[in-house]
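The structure appears right after this line, and notes come after that.
The values are calculated or read from the model by the stated rules, or taken from the named source; none is laboratory data. Note that the structure is a prediction, hence the values are computed from the model and not measured. All Cβ positions, even for glycine, are placed from backbone atoms using ideal geometry, and neighbour counts span all protein chains on display. Ligands, DNA and RNA are stripped out before the accessible areas are found, and what is left, the full protein with its side chains, is counted by its heavy atoms. Shrake-Rupley method; radii C 1.70, N 1.55, O 1.52, S 1.80 Å.
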Amino acid sequence: METTMKSSKVDKYQHHDYYLMDELLSEDHLLARDAVRDWVKREVTPIIEQYAEKAECPMHLFKGLAEIGAFGPSIPVEYGGGGMDEMAYGVIMQELERGDSGVRSMASVQSSLVMYPIYKYGTEAHRQKYLPKLGSGELIGCFGLTEPDHGSNPGGMITNIRDDGDAYILNGAKMWITNSPVADIAVVWAKDEAGVVRGMIVEADTEGYSAPEIHGKWSLRASITGELVFEDVRVPKDNVFPEIKGLKGPLSCLSKARYGIAWGAIGAALDCYDSALRYALERHQFGKPIGQFQLQQKKLAEMITEITKAQLLTWRLGQLANEGRVTPAQISMAKRNNVHMALQIAREARQIHGGMGITNEYPIMRHMMNLETVLTYEGTHDIHLLITGMDVTGLNAFK
Ligand code: TGC
Ligand code: FAD
């Protein structure tokens, strides 16, 4: 049961746009960005540190996320989405992750990993039944791909379905599933009797379905994570995505989510930079603001340089995505680069804050711990490097 936590923490975040990137965004993107930023300042910053400390998910934010249009921003309006473009989706993810990676996860799982596959691979009946309710936050969804013994290698999955007349019988287990303990539905990927990966919608109240919570995380503490356990779960054949077969089904959803993470990580980096810059100007040692020392300026200058490079990368990615020309490998490069960049910036920002940097007075340690997960989920740092390696050499180094 969620407890209500309030705090008087004031969000002093200021906009940083070194290369005037705003000029490359449309009026609609800027409106969406500002609306989400205001919401994060009002609803996320004042409470997030306390929820993270207690390792509790701020469940009430699901409704707010729906209200600001963070669920399915690029899904057509007729299905309960925002009808916006891919750039808008990126900008929204960036602002949310400026608040907290876990809050961005709440939105990116619902949008890219639940609404997107239902929209793209589901039947018209699936779309009408689930999408409006997912868009409004009435239903919460999760995405089950990873298994205890198959993380980076989802193709090895053992979760399976067996034909049983008008239904399939689903057996197996998924691990590390964002939102599973609170989800009403799960998009699950399992192998059929021919060993082909199939996707399906499984309702959480089906007999044999359970979703125990995973405890003890030092990262993404304000996001709820669990398992999915299927013991002879009867899934109506109508719930299976009819056309999509093979691993490219789930992997195409990951491309959407990884795209959002490439943008999101910049938000976490910006928050760390913003806090470090303010601290460097306010904190005095040896009779001067520490921001006057060259070593601190080097850190700040390198931070804004890396953030600006990442912004350019994602802007171009957004443009390619809008044109339908983006490749999964291009997305991998941006996800890997930007998350690593954000983690490095969090570490440098922590140093600028000195001892205060390890406290919950500042967002740094929370971002840093969160980013350890972001570096790993949606494909690890090393897996994305291998994807780039394979793309440029044509040689597969995974197996
Ligand atoms: P491989 O043979 O390379 O590919 C199988 C088929 O899929 C196609 N494909 C893609 N399609 C769309 N988007 C992509 N990103 C794609 N990557 C591959 C590929 O063309 C092929 O198509 P076809 O027509 O030939 O069948 O597959 P592989 O088994 O060799 O694996 C490749 C590898 C290792 C890159 C892949 O499995 C991988 O990406 N592994 C990482 C797993 C991963 O990212 N898991 C994430 C789980 S979900 C999650 O973490 C959610 S976090 C949520 C939150 O935000 O809270
Ligand atoms: P492993 O695959 O066991 O990897 C361990 C190490 O080995 C890594 O460093 C990896 O890079 C390296 N490695 C693996 N294979 C190779 C190779 N071929 N060459 C070189 N190095 C290799 N999954 C979902 O399906 N849905 C979710 O909603 C979801 N949410 C998550 C939330 C959290 C908080 C976390 C932590 C994870 C979540 N995941 C989710 C799972 C996530 O995608 C996996 O953790 C990730 O894909 C890595 O899998 P693994 O943890 O099993 O690591």
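Checking the structure you have, find out if any residue of the range 99-106 is touching a residue at least 40 places away in the same chain (Cβ under 8 Å), part of a helix (DSSP H, G or I), touching a Lys or Arg at 6+ places or on another chain (Cβ under 6 Å) and more than 25 Å from Tyr209 (Cα to Cα).
Residues of the range 99-106 that are touching a residue at least 40 places away in the same chain (Cβ under 8 Å), as a first pass: 99-106.
If we keep only those that are part of a helix (DSSP H, G or I) too, we end up with 99, 101-106.
Cutting the leftovers down to touching a Lys or Arg at 6+ places or on another chain (Cβ under 6 Å) gives us none.
The answer is no; no qualifying residue exists.
Look at Ala342 and say whether it is within 16 Å of ligand 1 (Cβ to nearest atom), closer than 28 Å to Ser223 by Cβ, assigned by TED's automatic domain parsing to the domain that holds Ala265 and outside any loop (DSSP other than H, G, I, E, B).
Answer is yes for this residue.
Of the set (1) open to solvent by 40 Å² or more (accessible area, probe 1.4 Å); (2) in a strand (DSSP E or B); (3) more than 29 Å from Glu97 (Cα to Cα); (4) not aromatic (Phe, Trp, Tyr), all apply to Glu227 but (3).
The set of residues in the range 160-181 being within 13 Å of ligand 1 (Cβ to nearest atom) and on the phi < 0 side of the Ramachandran plot consists of Lys174, Met175, Ile177, Thr178, Ser180.
From Glu323, Glu302, Glu282, which residue is farther than 19 Å from Val40 by Cβ, acidic (Asp, Glu) and in contact with a strand residue (DSSP E or B) (Cβ under 9 Å, 6 or more places away or on another chain)? Write out each step before concluding.
Details: Glu323 fails: in contact with a strand residue (DSSP E or B) (Cβ under 9 Å, 6 or more places away or on another chain); Glu302 fails: in contact with a strand residue (DSSP E or B) (Cβ under 9 Å, 6 or more places away or on another chain).
Only one candidate qualifies: Glu282.
Quick check on my filter: what residues within the range 184-200 are within 23 Å of Gly156 (Cβ to Cβ) and either at pLDDT below 95 or surrounded by 14 or more Cβ atoms within 10 Å (Cβ to Cβ) (or both)?
Step one: of the range 184-200, the residues within 23 Å of Gly156 (Cβ to Cβ) are 186-200.
Passing the criteria: Ala186, Val187, Val188, Trp189, Ala190, Lys191, Asp192, Val197, Arg198, Gly199, Met200.
How do the pairs read when you match residues in the range 201-228 that are without any contact (Cβ under 8 Å) to a residue 24 or more places away in the chain with residues anywhere that are acidic (Asp, Glu), using Cβ under 6 Å and keeping only pairs 6 or more apart or on different chains? Hits for this filter: Ala204/Asp184. Taken over the range 230-240, the criterion of being out of contact with any Lys or Arg (no Cβ under 7 Å at 6 or more places or on another chain) and either open to solvent by less than 20 Å² (accessible area, probe 1.4 Å) or not in a strand (DSSP E or B) (or both) is satisfied by Phe230, Val233, Val235, Lys237, Asp238, Asn239.
Within 30 Å of Ile387 (Cβ to Cβ), at pLDDT 95 or above, surrounded by 16 or more Cβ atoms within 10 Å (Cβ to Cβ) and more than 16 Å from ligand 1 (Cβ to nearest atom), is that true of Gly291? In short, no.
Mind checking whether some residue in the range 212-220 is part of a strand (DSSP E or B) and either within 28 Å of Gln128 (Cβ to Cβ) or open to solvent by less than 20 Å² (accessible area, probe 1.4 Å) (or both)? If you could, list the steps in order and put the result at the bottom.
To start, the set of residues in the range 212-220 that are part of a strand (DSSP E or B) comprises 213.
Within this subset, residues satisfying the condition of being either within 28 Å of Gln128 (Cβ to Cβ) or open to solvent by less than 20 Å² (accessible area, probe 1.4 Å) (or both) are none.
Within the range 212-220 (the criterion being part of a strand (DSSP E or B) and either within 28 Å of Gln128 (Cβ to Cβ) or open to solvent by less than 20 Å² (accessible area, probe 1.4 Å) (or both)), the answer is no, since none of the residues qualifies.
Looking at the range 82-89, can you tell me whether even one residue there is surrounded by fewer than 24 Cβ atoms within 10 Å (Cβ to Cβ) and without any contact (Cβ under 8 Å) to a residue 12 or more places away in the chain? Yes, the range 82-89 contains a residue that is surrounded by fewer than 24 Cβ atoms within 10 Å (Cβ to Cβ) and without any contact (Cβ under 8 Å) to a residue 12 or more places away in the chain.
Looking across the range 134-159, just one residue is near ligand 1 (Cβ under 9 Å from one of its atoms), crowded, with 19+ Cβ neighbours inside 10 Å and either small (Gly, Ala, Ser) or more than 19 Å from the chain's Cα centre (by Cα) (or both), and that is Gly144. Candidates are the residues of the range 359-386 that are polar (S, T, N, Q) and either more than 14 Å from ligand 2 (Cβ to nearest atom) or open to solvent by less than 30 Å² (accessible area, probe 1.4 Å) (or both); the one that is nearest to Val10 (Cα to Cα) is Asn360.
Every residue, every condition in (1) touching a residue at least 60 places away in the same chain (Cβ under 8 Å); (2) in a loop (DSSP other than H, G, I, E, B); (3) outside the structural domain of Gly264 (by TED's automatic domain parsing); (4) of a type outside the set (Asp, Glu), yes or no:
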site: Gly291; (1), (2), (3), (4): no, no, no, yes
site: Gln297; (1), (2), (3), (4): no, no, no, yes
site: Leu300; (1), (2), (3), (4): no, no, no, yes
site: Ile304; (1), (2), (3), (4): yes, no, no, yes
site: Gln311; (1), (2), (3), (4): yes, no, no, yes
site: Ala321; (1), (2), (3), (4): yes, no, no, yes
site: Arg325; (1), (2), (3), (4): no, yes, no, yes
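Scanning the range 215-225 for residues that are within 9 Å of ligand 2 (Cβ to nearest atom) and touching a Pro at 6+ places or on another chain (Cβ under 9 Å) yields a count of 1.
The single condition from (1) in a helix (DSSP H, G or I); (2) within 16 Å of ligand 2 (Cβ to nearest atom); (3) more than 23 Å from Leu313 (Cα to Cα); (4) of a type in the set (Ser, Thr, Tyr) that Tyr119 fails is (2).
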